[in-house]
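A.B. asks: Take this structure, written in structure tokens, and hold onto it; I'll ask about it next.
The values are calculated or read from the model by the stated rules, or taken from the named source; none is laboratory data. These numbers come from a predicted model, not from an experiment. Here the Cβ positions follow ideal geometry from the backbone for every residue, glycine too, while neighbour counts run over all protein chains shown. Accessible surface is based on the protein model in full, side chains and every heavy atom, while ligands, DNA and RNA are left aside. Shrake-Rupley method; radii C 1.70, N 1.55, O 1.52, S 1.80 Å.
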Amino acid sequence: IEVSPKLAYDPDATMAEAHRIFTAVDRPNVMIKIPGTKEGVPAVRACLEAGLNINITLLFSMSQYEAVAEAYMDALEERLRRNLTLRGTSSVASFFVSRVDTLGDQLLDERIAATTDVGERRRLDGLKGRAAVANSKLVYERFMAYLASRRWQLLAPAGAKVQRVLWASTS
């Protein structure tokens, strides 16, 4: 269940709404969707520290993914420091795929239209539809690096669940 997108740039309001929804639904498996904006990351961390399950949405770049993966591990480490269980806290990082190609292809079309070189046009046209998968592969490699990290190796035995990467908008 998502917090209102109108709150995406207001971390305090996002946290309050996430807590309100989590309490109202009152189910251990409910997952609250919070946009992965710069302002949303502190709300994500605070909600995870409080034991809420969070689906971080609208992730398009490696830097956004890294920020929410770090927020997840930071929150779990804080829960561990406070002797709180890690077993019930879950998170998903929803990484958007096709929208990257939509924008990338538009930019390529502009460059194709601006060149008269036939070889360059062919080369640029051959790049269309490839940015999103390449971007996703890089994020997956980073995800695997997080799982191999010392930080994660200390959290996993304490009952931490893997923050799954969800490939969203894959049309």
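A.B. asks: For region 1-118, with only Lys/Arg (+1) and Asp/Glu (-1) charged at the beta-carbon, what is the dipole magnitude about the Cα centre, in debye rounded to 20? Please list the in-between numbers first.
C.D. replies: Details: 12 positive and 17 negative charges, 124 e Å.
Using only the charged Cβ atoms, the result is roughly 600 debye.
A.B. asks: I want to check a number: in the chain, how many lysine pairs have alpha carbons closer than 21 Å, given a sequence separation of 8 or more or different chains? Provide the component values of the computation, followed by the final result.
C.D. replies: Working: Lys6/Lys33; Lys6/Lys38; Lys33/Lys161; Lys128/Lys137.
The result is 4.
A.B. asks: Also, I was wondering about something else. Compute the relative contact order of region 1-102 as a whole-number percentage, counting only Cα pairs closer than 8 Å that sit 6 or more residues apart in sequence. Show your work: numbers first, answer last.
C.D. replies: Details: 158 pairs, mean separation 26.5, N = 102.
In percent, rounded to a whole number, it is 26.
A.B. asks: Compute the acute angle (0 to 90°) between the alpha-carbon long axis of helix 62-81 and the principal axis of greatest extent of the alpha-carbon atoms of the chain; round to the nearest 10°.
C.D. replies: Rounded to the nearest ten degrees, it is 10.
A.B. asks: Using 7 Å Cα-to-Cβ label points, what is the Lys6/Arg20 separation (nm, one decimal)?
C.D. replies: Simple spin-label model gives 1.0 nm for this pair.
A.B. asks: So what is the 222 nm mean residue ellipticity for the chain from helices alone, if each DSSP H run of at least 4 adds -39500 (n - 2.57) and you divide by all residues, rounding to the nearest 500 deg cm²/dmol?
C.D. replies: Working: 7 runs with 96 residues, N = 171.
Theoretical 222 nm ellipticity from helices: -18000 deg cm²/dmol.
A.B. asks: Given a 1.4 angstrom probe, what's the average accessible area per residue across region 1-96, in square angstrom?
C.D. replies: Using a 1.4 Å probe on heavy atoms only, each residue of region 1-96 averages 46 Å².
A.B. asks: Moving on to the next point. When the accessible area of region 20-171 is split by element with a 1.4 Å probe, what percent falls to carbon and sulfur? Walk me through the numbers on the way to the answer.
C.D. replies: Details: 4550 of 8200 Å².
C and S fraction of accessible area: 55 percent.
A.B. asks: Which of Gly104, Gly126, Gly36 moves most in a GNM of the chain, Cα contacts under 10 Å?
C.D. replies: Greatest mean-square fluctuation among the candidates belongs to Gly126.
A.B. asks: Sticking with this one: Can you give me the relative contact order of the chain as a percent, contacts being Cα pairs under 8 Å and 6 or more apart? Could the numbers behind the result be given before it?
C.D. replies: Numbers: 252 pairs, mean separation 37.0, N = 171.
Once divided by the residue count of the chain, the mean separation gives 22 percent.
A.B. asks: Using 10 Å bins from zero, what percent of all Cα-Cα pairs in the chain falls into each bin?
C.D. replies: Taking all Cα pairs of the chain, the binned fractions are 10, 33, 30, 15, 8, 3, 0 percent.
A.B. asks: Now for a separate question. Identify, among Gln64, Gly104, Leu52, the residue whose Cα sits farthest towards the positive end of the charge dipole of region 51-125, taking +1 on the Cβ of Lys and Arg and -1 on the Cβ of Asp and Glu, with the dipole about the Cα centre.
C.D. replies: Projecting each Cα onto the dipole axis, the largest value belongs to Leu52.
A.B. asks: What's the angle, to the nearest 10 degrees (0 to 90), between helix 118-127's Cα axis and the longest principal axis of the chain?
C.D. replies: Tilt relative to the chain: about 20 degrees.
A.B. asks: Would you mind checking the tilt of helix 98-114 against the longest principal axis of the Cα atoms of the chain, expressed as 0 to 90 degrees and rounded to 10?
C.D. replies: Approximately 20 degrees, to the nearest 10.
A.B. asks: Before I look further, what does region 98-171 give for accessible area per residue, probe 1.4 Å, in whole square angstrom? Present the calculation step by step, with values, prior to reporting the outcome.
C.D. replies: Numbers: 4920 Å² over 74 residues.
Dividing the accessible area of region 98-171 by its residue count gives 67 Å².
A.B. asks: Would you mind getting me the FRET efficiency between Leu147 and Arg87? Use the beta-carbon distance for r and R0 = 22 Å, nearest 0.05.
C.D. replies: Between Leu147 and Arg87 the formula returns 0.80.
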